[in-house]
Amino acid sequence: MNKEGINPYQIALKQLEEVAEKIDLDSGMHEILKHPKRELTVSIPVKMDDGKIKVFTGYRVQHNVTRGPAKGGIRYHPQVTLDEVKALAMWMTWKCAVVGIPYGGAKGGVVCDPKKMSSGELERLTRRYTSEIIIIIGPECDIPAPDVYTNPQIMAWIMDTYSTNRGHSVPGVVTGKPLAIGGSEGREEATARGCVYTIENAAKHLEIDMREATVVVQGYGNAGSVAAKLLHQEGCKIIAVSDSQGGAYNPKGIDSLKILDYKRKTGSVKAYKEAEFISNKELLELECDILVPAALESQITKENADRIKAKIIAEAANGPITPEADKVLSEKEIFIIPDILANAGGVTVSYFEWVQGLQAYFWSEREVNLKLRDIMSKAFNNVLRLSLEKKVDMRTAALMLAVSRVAEATRIRGLYP
Ligand code: GLU
């Protein structure tokens with residue numbers, strides 16, 4: 001159960017059930033896909049700066065590895081639960097399938113509050129967590145990456161811990177690494193860039209002029225702040241942004257980079273001088289063309305769905321809209337670009353990073369972005385086509401495509417023994 005009293009895993013199962021019916025999925029296959037392949041819970045003892053030992057709980061869940069190694073980020077957050085990680089792992093399976101990259105799905109999480117920890121504590125936590133999950137991760141079996149409140153430095157510690165245990169450098173064990181140790185050009189911006197590519201496609205389909213569009217962004221971390229920057233560059237007007245502490249609103253427009261600078265200095269966007277304060281709740285309900293939820297799950301629920309006024313919602317976050325809210329938004333004819341499509345740019349460039357690392361041959365940022373655009377646009381158009389053909393919303397279409405691909409791979413491989 002998360003803060004809102006909603007269990008994301010139950011949501012993921014419900015989505016699967018609805019899609020199973022739509023694609024006439026065999027009941028045995030449905031049973032297989034409902035269950036994560038592996039769930040690992042670990043205790044992580046860490047010596048804190050005051051000399052005391054604190055034991056944290058961590059998880060790594062591999063939902064499916066039929067189409068390739070398990071892939072997915074690791075989040076550090078005080079509210080992480082096993083069921084949340086299970087849901088996120090399942091969504092990774094669908095995400096990789098919908099963009100057609102050869103991975104299964106996984107996710108990891110550690111229950112901690114990284115904002116209250118020193119860099120030394122975070123390093124010790126990361127290294128111990130890595131050595132606890134080392135039995136199931138590796139470049140051929142499960143490849144972690146950044147997620148909420150984890151970053152390239154944390155990926156570097158994971159890579160180093162894993163490599164030290166193996167006795168040689170293993171860059172392919174993790175993606176989202178710093179460039180100096182085998183990261184990819186374009187990876188840090190990839191989640192947002194991919195999201196913006198899908199927004200451009202959606203705007204074209206809906207005949208919305210991006211140069212006149214107004215944008216609201218919830219969450220100003222890696223996905224949200226870069227999405228605001230790129231949309232700003234496209235000519236959109238960013239009228240409101242927020243982070244976990246609150247938001248800033250200015251109908252005349254906010255400079256996405258200036259406010260990022262302000263957040264870096266003060267820790268939040270909320271008291272930004274050239275805008276007025278707005279709560280996260282109010283922000284979601286602003287009238288705008290494009291709403292980008294880029295924070296946590298279950299932000300748009302049956303409580304507020306009716307008051308959402310955006311034309312397009314691009315889910316840069318995973319699971320920001322609950323199924324009940326989905327129904328309300330769909331009746332209001334709001335065009336939703338679902339998470340497994342909208343934020344798949346991150347894992348797509350993670351895939352590029354892994355491929356470059358395995359080949360020890362690195363590409364330019366231009367090459368990365370062009371390949372990313374190809375994959376995102378193709379996936380968007382495949383999902384849009386299916387949604388129009390089957391008269392279903394974009395989320396249902398994306399899930400239909402993804403689940404069918406995973407089911408087909410499972411069928412072809414057959415059941416062992
Ligand atoms: N954490 C990101 C996601 O939810 C990226 C995962 C990855 O790059 O493996 O898609």
Set 366, 405, 307: member being within 20 Å of residue 106 (Cα to Cα), more than 18 Å from the chain's Cα centre (by Cα) and open to solvent by 10 Å² or more (accessible area, probe 1.4 Å): 405
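So if I check each of 87, 106, which one is part of a strand (DSSP E or B) and open to solvent by less than 50 Å² (accessible area, probe 1.4 Å)? Spell out the reasoning first.
Values: 87 fails: part of a strand (DSSP E or B).
Among 87, 106, only 106 is part of a strand (DSSP E or B) and open to solvent by less than 50 Å² (accessible area, probe 1.4 Å).
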Residues of segment 136-175 satisfying the condition of being within 11 Å of the ligand (Cβ to nearest atom) and touching a Lys or Arg at 6+ places or on another chain (Cβ under 6 Å): 143, 147, 148, 155
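So which of 19, 46, 110 is among the hydrophobic types (A, V, I, L, M, F, W, C) and either out of contact with any Leu (no Cβ under 9 Å at 6 or more places or on another chain) or closer than 30 Å to residue 387 by Cα (or both)? Before the answer, list the steps.
Details: 46 fails: either out of contact with any Leu (no Cβ under 9 Å at 6 or more places or on another chain) or closer than 30 Å to residue 387 by Cα (or both); 110 fails: either out of contact with any Leu (no Cβ under 9 Å at 6 or more places or on another chain) or closer than 30 Å to residue 387 by Cα (or both).
Sole residue among the options that is among the hydrophobic types (A, V, I, L, M, F, W, C) and either out of contact with any Leu (no Cβ under 9 Å at 6 or more places or on another chain) or closer than 30 Å to residue 387 by Cα (or both): 19.
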Residues located in segment 182-211, provided they are open to solvent by less than 10 Å² (accessible area, probe 1.4 Å) and either among the β-branched types (Val, Ile, Thr) or at pLDDT below 95 (or both): 196, 198, 199
Of all residues making up segment 247-256, the number that are under 22 Å from residue 115 (Cα atoms) and either surrounded by fewer than 17 Cβ atoms within 10 Å (Cβ to Cβ) or in contact with a Leu (Cβ under 6 Å, 6 or more places away or on another chain) (or both): 1
Counted residues, segment 305-327 - those being within 23 Å of residue 17 (Cβ to Cβ) and part of a helix (DSSP H, G or I): 6
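Given the structure, is residue 15 at pLDDT 95 or above, assigned to a loop (DSSP other than H, G, I, E, B) and over 19 Å from residue 140 (Cα atoms)?
Here the answer is no, as residue 15 does not meet what is asked.
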Among the candidates 371, 378, residue that is surrounded by fewer than 21 Cβ atoms within 10 Å (Cβ to Cβ), within 12 Å of residue 101 (Cβ to Cβ) and within 16 Å of the ligand (Cβ to nearest atom): 371
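Would you confirm whether any residue within segment 121-134 is open to solvent by 40 Å² or more (accessible area, probe 1.4 Å) and either under 22 Å from residue 243 (Cα atoms) or within 16 Å of the ligand (Cβ to nearest atom) (or both)? I'd like the intermediate steps shown before the answer.
Filtering segment 121-134 down to residues open to solvent by 40 Å² or more (accessible area, probe 1.4 Å) leaves 123-124, 127-128, 131-132.
Subsequent filtering for residues that are either under 22 Å from residue 243 (Cα atoms) or within 16 Å of the ligand (Cβ to nearest atom) (or both) retains none.
Within segment 121-134, none of the residues are open to solvent by 40 Å² or more (accessible area, probe 1.4 Å) and either under 22 Å from residue 243 (Cα atoms) or within 16 Å of the ligand (Cβ to nearest atom) (or both).
Is segment 317-334 home to any residue that is hydrophobic (A, V, I, L, M, F, W, C) and either within 15 Å of residue 223 (Cβ to Cβ) or without any contact (Cβ under 8 Å) to a residue 24 or more places away in the chain (or both)? Steps first, answer last, please.
Looking only at segment 317-334, we keep the residues that are hydrophobic (A, V, I, L, M, F, W, C), and these are 317, 321, 325, 328-329, 334.
Checking the rest, the ones that are also either within 15 Å of residue 223 (Cβ to Cβ) or without any contact (Cβ under 8 Å) to a residue 24 or more places away in the chain (or both) come to 317.
Yes, there is a match, as at least one residue in segment 317-334 is hydrophobic (A, V, I, L, M, F, W, C) and either within 15 Å of residue 223 (Cβ to Cβ) or without any contact (Cβ under 8 Å) to a residue 24 or more places away in the chain (or both).
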Within segment 1-60, tally of residues that are over 20 Å from residue 93 (Cβ atoms), without any contact (Cβ under 8 Å) to a residue 12 or more places away in the chain and open to solvent by less than 90 Å² (accessible area, probe 1.4 Å): 2
Residues of segment 368-414 satisfying the condition of being of a type outside the set (D, E, K, R), in a loop (DSSP other than H, G, I, E, B) and in contact (Cβ under 8 Å) with a residue 24 or more places away in the chain: 392
Residue list for segment 61-84, filter: open to solvent by less than 10 Å² (accessible area, probe 1.4 Å) and of a type in the set (Ser, Thr, Tyr): 76
Those residues of segment 50-97 which are out of contact with any helix residue (DSSP H, G or I) (no Cβ under 7 Å at 6 or more places or on another chain), of a type in the set (A, V, I, L, M, F, W, C) and more than 12 Å from the ligand (Cβ to nearest atom), in sequence order: 53, 55, 65, 80, 82
Residue that is nearest to residue 226 (Cα to Cα) [pool: residues in segment 275-304 that are open to solvent by 10 Å² or more (accessible area, probe 1.4 Å) and assigned to a helix (DSSP H, G or I)]: 280
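The values are calculated or read from the model by the stated rules, or taken from the named source; none is laboratory data. Predicted, not measured: the structure shown is a model, and the values here were computed from it. Every residue, glycine among them, receives a Cβ derived from its backbone with ideal geometry; neighbour counts consider all protein chains shown. With ligands, DNA and RNA removed, areas are computed over all heavy atoms of the protein, side chains included. Shrake-Rupley method; radii C 1.70, N 1.55, O 1.52, S 1.80 Å.
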